[in-house]
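The block underneath contains the structure these notes are about, expressed in structure tokens.
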Amino acid sequence: MKKIFLSLLAFNVVFFSYQSFSQCKNFAKKICKLELLPYVHDGIYNATVLSEGETAELYKTFYAGQEYRIAVCGDENLPPIQFQVLDTDRNVLYDNKKHNYAKTWDFKLQSSKQLIISIQVQTAEELTDQILSGCVAVLVGFLNVEDTLQK
């Protein structure tokens, strides 16, 4: 009996984790991907469920000379989402909090490097007995060189 209960518990944890991931991936595809336009999405959907006060980091390599856009968005019920872009020495290159929590940042690097995209769901201003949580997505797009040459 105990083994059956543990098996059901493990199944529920895996099933609901997968279901949450699928919902967040769909959120990223339907809502957040639009924030990248006119940039071309790199095809990778980085999305997860976060609660207010939680943080996450994404490490990604960016290449010299390419124009990029980072888009970070979350469920409407979440407080503002702060994102920072840092180099590997943890120097802050961009902080959207200084730009009224902008959802996107466009940039171009002089040399290829790995960057850290650090996201944090801020704490709600109103005190409640319920912790807010929802999907948060980080998407990266690049400008298609052929499109920019035609303009």
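Table for the structure above
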quantity: Where a label projected 7 Å from the Cα of ALA124 along Cα→Cβ would reach, residues of segment 69-113 with amide N under 12 Å; calculated: 77-80
quantity: For GLN66, distant residues with modelled amide H under 5 Å away; calculated: LEU109
quantity: Separation in nanometres of the label points that stand 7 Å from Cα toward Cβ, at ASP95 and LYS108; calculated: 2.7
quantity: Karplus-derived 3J(HN,Hα), 6.51/-1.76/1.60, for each residue of segment 106-112, Hz, glycine and proline x; calculated: 9, 7, 9, 9, 7, 9, 5
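Values quoted throughout were computed directly from the atomic coordinates according to the rules given, and no laboratory measurement underlies them. Because the structure is a prediction, the values reported are computed rather than measured. Neighbour counts are summed over all protein chains in view; Cβ atoms, including those assigned to glycine, are modelled from backbone coordinates with ideal geometry.
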